[in-house]
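Encoded as structure tokens, the structure appears first; notes follow it.
Just so it is clear, none of the values below were taken in a lab; they were calculated from the coordinates. Just so you know, these numbers come straight off a predicted model, no measurement behind them. FYI the Cβ positions are ideal-geometry reconstructions off the backbone, even for glycines, and counts take in every protein chain you see.
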Amino acid sequence: MFTVYAISSIERSYIYVGLTSNLESRLFRHNSGYEKTTRPYRPFSLIYQKEFLTRLQAREHEKYLKTSSGKRSLANISK
């Protein structure tokens, strides 16, 4: 199983979209500062997750969420 997820910075206006096979571990890495891209925006809360059977399906959905319409839908969730 592969999970597409979105996390929102609690203190700043920032949403990160990613893909993983181990969501719990990935969230820990983001919130602990192990990921260079998200380190300045910690701490995070999980605002979206969706599971897929294949990595290809998950990657397609991740790419959609990174488009302007996907970002708008995530911004509405995080409000």
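A few notes on this one:
- Only one entry in SER9, SER45, SER25, SER21 is in contact with a helix residue (DSSP H, G or I) (Cβ under 6 Å, 6 or more places away or on another chain) and of a type in the set (Gly, Ala, Ser), namely SER9.
- In a residue-by-residue description of the range 7-25, the property of being part of a loop (DSSP other than H, G, I, E, B) and within 12 Å of the chain's Cα centre (by Cα) applies to at least one position.
- Annotation note: Cβ proximity below 7 Å between a residue of the range 25-49 that is surrounded by 14 or more Cβ atoms within 10 Å (Cβ to Cβ) and a residue that is basic (Lys, Arg) and not in a helix (DSSP H, G or I) (sequence gap 6+ or interchain) occurs for ASN31/ARG42; TYR41/ARG12.
- In the range 50-68, the residues that are touching a residue at least 24 places away in the same chain (Cβ under 8 Å) and part of a helix (DSSP H, G or I): ARG55, GLN57, ALA58, ARG59, HIS61, GLU62, LEU65
- Which listed residue, of LYS36, LYS71, is charged (D, E, K, R) and assigned to a loop (DSSP other than H, G, I, E, B): LYS36
- Among (1) over 18 Å from SER8 (Cβ atoms); (2) outside any loop (DSSP other than H, G, I, E, B), the one test that ASN31 misses: (1)
- Taken over the range 3-24, the criterion of being more than 15 Å from THR67 (Cα to Cα) and touching a residue at least 60 places away in the same chain (Cβ under 8 Å) is satisfied by SER8 alone.
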